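Student: There's a structure below that I have some questions on.
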Amino acid sequence: MPAPDTRRTSWWTSGAPWVWLNAGAVGLSVAAVLGLVGLIAARGLAHFWPAEVLEIVHDDGTGRASVIGELAGIEFADPELLPDPGSGTPVERRLIKTGNRRVNAPDFRWLDRAAIVSERRPADLVVFERMEWGNAYGRLRGIFEHEDRVVHGSDAQAWTALQQRLARVAALREEIADLQASTIDSINYELEELRLERRRRALDGAGFDLDWRERSLNEEYTRVEARLMDLVRALERDAVEVEIMDGRRVRIELRDVLRAWRPNAMSRVEQITHYMASLWDFLSEEPREANTEGGVFPAIFGTVMMVLIMSVLVTPFGVIAAVYLHEYARQGALVRLIRIAVNNLAGVPGIVYGVFGLGFFVYLVGGTLDDLFYPEARPAPTFGTPGLVWASLTLALLTVPVVIVSTEEGLARIPRAIREGSLALGATKAETLFRIILPVASPSILTGVILAVARAAGEVAPLMLVGVVKLAPALPVDGNPPFIHLERKFMHLGFHIYDVGFQSPNVEAARPLVYATALLLIGIIVVLNLTAIMLRNRLEGRYRFIEG
Amino acid sequence: MATERKDPGNDRAASDGPAAGGVDGAPASPERETPCLEVRDLSLSYGGVPALSHVSLTIPRRRVTAFIGPSGCGKSTLLRCLNRLNDLIDGVRVSGSVTLNGMDIYRRGVDVADLRRRVGMVFQQPNPFPKSVYENVAYGLRLQRGIARSEMDDRVEWSLKSAALWDEVRDRLNETALELSGGQQQRLMIARAIAVRPDVLLLDEPASALDPISTLRIEELIHQLGAEYTIAIVTHNMQQAARVSDYTAFLYMGELVEFGNTDGMFLNPAKQQTEDYITGRYG
Ligand SMILES: Nc1ncnc2c1ncn2[C@@H]1O[C@H](COP(=O)(O)OP(=O)(O)OP(=O)(O)O)[C@@H](O)[C@H]1O
Ligand SMILES: [Mg+2]
């Protein structure tokens, strides 16, 4: 055989192609993951940066007009699709977020590159972040107290005055929220409890002597309400006058303004401070505006809480099942069948679990619980309605195969000799299980839990049926006894992404939030996993095994 | 009787006169001793493949009984029958009977955990738990509730000293036992087994990975323990069998070929097979 031929054959048969193939596949996967996370991170994190506000003068054929707003995107449109095909080369268009919803319509505007006459970044342009209707852009022209103009112009003094008044408004808003959370909510809660107590007594045939309590609660409510009204009135004092892009002057009440900043005049330090503050608000605040504005704190809370409860439920369940299958059950056709069934359960679509959870947990179990323990609340359901506990249970069911399989693998890895060593010293099977087998298998158990958490945190479809809502009125944990309300509905980051990205009235405005929320969800899953992995590595160090 | 024993290291087979002589001066035989474990017509098969067939012998109380025989002849299997460890293996069938101090250990309702506590075992392969040295030795003690901390410490120390391991591990009691050397692990296994003070001790080649000095110390220990405990030991070392045991059983292909007084057996074996094996002509 000629030499080159031999060489080629030997390269092919040496196994090198397989190595390259595998390395290529791994490289591709890593690149895909990094690219995806990078894209999400870039888009999501950029959202909080105080973007420059442009003042663009453009000629739309009928005359010059100025547009004020943030650059939201650049697109090269296919000329065929435009009403005026022109030269046939792609047309560069800019998407400008002009904000000022309810003042201007619409709040996004496409501008042809060719029509732009000038583009400036004046330092006096102000962005107002409003409670409702998104950002407003314009120039500060004065400050009002009720109907009286107290500050004129837009100089530095006026700007300082605005910031002071905004701080006052923020403080008032905080006070109102505190009052609401600490007093009004708990009075309402107690009144509701009282109503239920009364019904309970009526059902039991006992007398009513609860009127005095209700009276005192109502009196307190009136007192607190009066205080609340004072605060609200104080909140309504200030307003600003803003000149918007078409020259009109509009009045914006400060009670609706969260923040105001002049991005074009900001120093780097101010930009970073602003960035951190917005990021923190995103993480710690409640959503506003049908979830398209504000923060995602309830969704973070709900996601983490649901995953934790799910882990607490799934671990013992999965471990007990695996121990039975591996240690106690007589190995045979039946056990093999069960094992196959368990493995296949892992492949059942999430929505099927959702339907099962709704039918079994929510309606059957929850409904029965209500009949037995909460007859006074009837016909309103307490547990017989989707809620946190049912969502956690449904996901526990969905992830239990993973825990079973990986626990069983861990049990199978423990050498027979170790078990015999324990038994030969007079340990019973149960003692061997608790003192040797479970500790040694604990890293595998944790591996199962890690996989379960990863799957559960990313699952959305079943949750829509068994407890997740677009907007939950209250967190599942609060100051009212019993403090943890597992029956409540909750918010979830995965569902939040779906809701904000695809169900919101203003998809364009919400898009950066979708990226930010997705990044957050990935981040939370990573953190949960890292915690479990660290725990597992510590255990693995302790129970490191010499093979054989 | 124990006082009559010689120091380990002396080749008992070479000495004249029965070391473990009967009261009347006649050569001792296992039948004359107080029985501890009585094996009657014991047969065992692993998934239909026989490993022991019709073995009958009596392991006398407070004596050392050695089991010798070629590899695969069923020595370990026989030992594992004595604490019912074979129960755990799927497809094992046992027939015949084994009695411990007159009680049939294969009877229904026997507390197997208690049986195994009384019949301790050191395995052919060291199998330390993935725990510290201290916890390995204390494992059996912790199973018996109500042992005070200080007593536990004493028992662990005594066990490790007896197993000739104390000096090597006294400073690393809380380190993992998995990092001990093979020979250290083997001695740890002995310490672990004697810590619970079993009545009977089953030793499956306890000195296979030991240097001559450690081997000597283990033999010394076996010798000492033999005064109080009933010991069954498997060994491939003929000198060792001769040195430490009072009685010897020769197994071949799952059958008991010859069983009797060690001296007698090594000096003039009754069967040709035995003689061939002892003198190394076997095979
Ligand atoms: N768990 C088991 N399953 C099936 N067969 C087994 C099992 N354990 C032992 N055997 C078989 O039983 C026979 C006796 O084995 P045993 O371990 O008792 O031999 P041994 O005399 O201890 O040998 P060695 O001196 O090599 O340790 C061997 O043929 C072995 O293959
Ligand atoms: Mg063996």
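The values are calculated or read from the model by the stated rules, or taken from the named source; none is laboratory data. Everything numeric in this text was worked out from a predicted model, so none of it was measured. No Cβ is skipped: glycine too gets one built from the backbone with ideal geometry, and neighbour counts run over all protein chains shown. Quick note on the areas: whole protein, heavy atoms, side chains included, nothing else; ligands and nucleic acids left out. Shrake-Rupley method; radii C 1.70, N 1.55, O 1.52, S 1.80 Å.
Student: Provide a single number: the residues in region A:122-134 that are within 22 Å of the chain's Cα centre (by Cα), at negative phi and surrounded by 16 or more Cβ atoms within 10 Å (Cβ to Cβ).
Tutor: Total meeting the criteria: 2.
Student: Of all residues in region A:435-458, which are more than 23 Å from B:PRO198 (Cα to Cα) and either within 12 Å of another protein chain (Cβ to nearest Cβ) or over 34 Å from the mean Cα position of the chain (by Cα) (or both)?
Tutor: A:ILE437, A:LEU438, A:PRO439, A:VAL440, A:ALA441, A:SER442, A:PRO443
Student: Looking at (1) open to solvent by less than 10 Å² (accessible area, probe 1.4 Å); (2) without any contact (Cβ under 8 Å) to a residue 24 or more places away in the chain, find the lone condition where A:VAL500 falls short.
Tutor: Condition not satisfied by A:VAL500: (2).
Student: Which condition breaks for A:ALA322 when tested against (1) modelled with pLDDT under 90; (2) farther than 20 Å from A:VAL466 by Cα; (3) in a helix (DSSP H, G or I)?
Tutor: (1)
Student: Out of the residues in region A:94-111 that are charged (D, E, K, R) and either closer than 13 Å to A:GLU70 by Cβ or surrounded by fewer than 18 Cβ atoms within 10 Å (Cβ to Cβ) (or both), which is modelled with the lowest pLDDT?
Tutor: Residue satisfying both the conditions and the ranking: A:ARG102.
Student: How many residues does region A:396-417 hold that are surrounded by fewer than 20 Cβ atoms within 10 Å (Cβ to Cβ) and either at positive phi or of a type in the set (Gly, Ala, Ser) (or both)?
Tutor: The total comes to 2.
Student: Could you look through region B:81-128, keep only residues that are in a helix (DSSP H, G or I), within 16 Å of ligand 2 (Cβ to nearest atom) and touching a residue at least 40 places away in the same chain (Cβ under 8 Å), and pick out the one that is surrounded by the fewest Cβ atoms within 10 Å (Cβ to Cβ)?
Tutor: B:ASN86
Student: Inside region A:117-178, counting only strands (runs of 3 or more DSSP E) that do not spill past its ends, which hold 3 or more residues that are under 25 Å from A:GLU70 (Cα atoms)?
Tutor: In region A:117-178, the matching strands (runs of 3 or more DSSP E) lie at A:125-130, A:135-145.
Student: I've got another one for you. Within region B:261-268, identify whether any single residue is within 16 Å of ligand 2 (Cβ to nearest atom), within 19 Å of B:ILE59 (Cα to Cα), open to solvent by 10 Å² or more (accessible area, probe 1.4 Å) and part of a helix (DSSP H, G or I), and answer yes or no.
Tutor: Looking through region B:261-268, none of the residues is within 16 Å of ligand 2 (Cβ to nearest atom), within 19 Å of B:ILE59 (Cα to Cα), open to solvent by 10 Å² or more (accessible area, probe 1.4 Å) and part of a helix (DSSP H, G or I).
Student: Continuing with the same structure: Kindly indicate the residue of region B:206-233 that is within 16 Å of ligand 2 (Cβ to nearest atom) and crowded, with 24+ Cβ neighbours inside 10 Å and also farthest from B:SER45 (Cα to Cα) among those meeting that condition.
Tutor: Filtering region B:206-233 for residues that are within 16 Å of ligand 2 (Cβ to nearest atom) and crowded, with 24+ Cβ neighbours inside 10 Å, the one farthest from B:SER45 (Cα to Cα) comes out as B:ALA207.
Student: Got a sec? Which of B:GLY69, B:GLY48 is over 29 Å from A:ARG330 (Cβ atoms), more than 14 Å from chain A (Cβ to nearest Cβ) and either away from ligand 2 (no atom under 16 Å from the Cβ) or surrounded by 19 or more Cβ atoms within 10 Å (Cβ to Cβ) (or both)?
Tutor: B:GLY69
Student: Based on this model, can you work out whether B:ARG116 counts as facing chain A (nearest Cβ under 9 Å), more than 16 Å from ligand 1 (Cβ to nearest atom) and not aromatic (Phe, Trp, Tyr)?
Tutor: Against the criterion (facing chain A (nearest Cβ under 9 Å), more than 16 Å from ligand 1 (Cβ to nearest atom) and not aromatic (Phe, Trp, Tyr)), B:ARG116 qualifies.
Student: Quick one: would you say B:SER76 is within 12 Å of ligand 1 (Cβ to nearest atom), within 24 Å of B:ASP114 (Cβ to Cβ) and open to solvent by 20 Å² or more (accessible area, probe 1.4 Å)?
Tutor: Yes, satisfied.
Student: For region A:406-432, which positions are of a type in the set (A, V, I, L, M, F, W, C) and closer than 21 Å to B:ALA193 by Cβ?
Tutor: Of everything in region A:406-432, those that are of a type in the set (A, V, I, L, M, F, W, C) and closer than 21 Å to B:ALA193 by Cβ turn out to be A:ILE414, A:ALA417, A:ILE418, A:LEU423, A:ALA424, A:LEU425, A:ALA427.
Student: Could you list, in sequence order, all residues of region A:148-199 that are exposed (fewer than 14 other Cβ atoms within 10 Å of the Cβ) and of a type in the set (Ser, Thr, Tyr)?
Tutor: A:THR160, A:SER182, listed by residue number.
Student: Given the conditions (1) farther than 22 Å from B:SER245 by Cβ; (2) in contact (Cβ under 8 Å) with a residue 60 or more places away in the chain, and given that B:LEU57 satisfies all but one, which numbered condition is not satisfied?
Tutor: Exception for B:LEU57: condition (1).
Student: Checking A:ASP499 against (1) within 14 Å of chain B (Cβ to nearest Cβ); (2) closer than 24 Å to A:ARG43 by Cβ, which single condition isn't satisfied?
Tutor: Among (1) within 14 Å of chain B (Cβ to nearest Cβ); (2) closer than 24 Å to A:ARG43 by Cβ, A:ASP499 violates only (1).
Student: In addition: Testing B:MET238 on (1) away from ligand 1 (no atom under 16 Å from the Cβ); (2) surrounded by fewer than 21 Cβ atoms within 10 Å (Cβ to Cβ); (3) aliphatic (A, V, I, L, M), one condition comes back false. Which one is that?
Tutor: Going through (1) away from ligand 1 (no atom under 16 Å from the Cβ); (2) surrounded by fewer than 21 Cβ atoms within 10 Å (Cβ to Cβ); (3) aliphatic (A, V, I, L, M) one by one, B:MET238 breaks only (1).
Student: Now for a different question. Identify the residue in region B:132-144 that is buried (at least 21 other Cβ atoms within 10 Å of the Cβ) and over 15 Å from B:ASP199 (Cβ atoms) and, among all such residues, is nearest to the other protein chains (Cβ to nearest Cβ).
Tutor: B:TYR139
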